[in-house]
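First the structure, in the form of structure tokens, and then the observations on it.
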Amino acid sequence: MALVSSFLPGCSPQTSAAHSNDADVREFLTHYFSTWSAKDMDGYGACFHESARIVFVHQGVPQSQGVTDFLHGQKLSHATTSTPMTEVPTDMKILRDERTAQASVRWKLTKGAEVTLGTDCFTLIKTATGWKIMSLVFYND
């Protein structure tokens, strides 16, 4: 997924030294994946803004949920599986300014011997308590 500055009104990628440093966004996204993999569903849920929308694209068809329903489904996935699951980011592309960020993250989900690859496309907003996910669109390869 190509991220272009038109996603962030008034934002030009890497317009200043302050904007070119995306370490805080990378740290947030790494934390997001690590909380899910550790089954820390409270920590995972704290990554989302209360108004967030989540869209899973399956065979080209988007399925949208609010954050409450999405988190419930994620908790059930961990609670009902007999095989531990881990998901790690393998590549991150980030476009950001001081208030918002767009990120395309390739990931690898491992469940026993089964490996699934996919992409998460995030829209983040910086809040008083740090970065929060406003929207997440994800799909498997």
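Where a number appears in this text, it was derived from the coordinates with a stated rule and is not lab data. These figures come from a predicted structure and were not determined experimentally. Glycine also receives a Cβ, built like all others from the backbone with ideal geometry; neighbour counts cover every protein chain displayed.
The three principal axes of the Cα atoms in the range 18-90 give end-to-end lengths of 42, 28, 25 Å, sorted in falling order.
Mind ranking 107-115, 28-36 by how tightly packed they are, going by the mean number of other C-beta atoms within 10 angstrom, highest first?
28-36, 107-115
Of all DSSP bridge pairs formed entirely within the chain, close to 90 percent run antiparallel. Tell me the angle of helix 23-37 to the major Cα principal axis of the chain, expressed in degrees between 0 and 90 and rounded to the nearest ten. On a 0 to 90 degree scale, this one is about 10. Considering all C-alpha pairs of the chain, those separated by over 28 Å amount to 16%.
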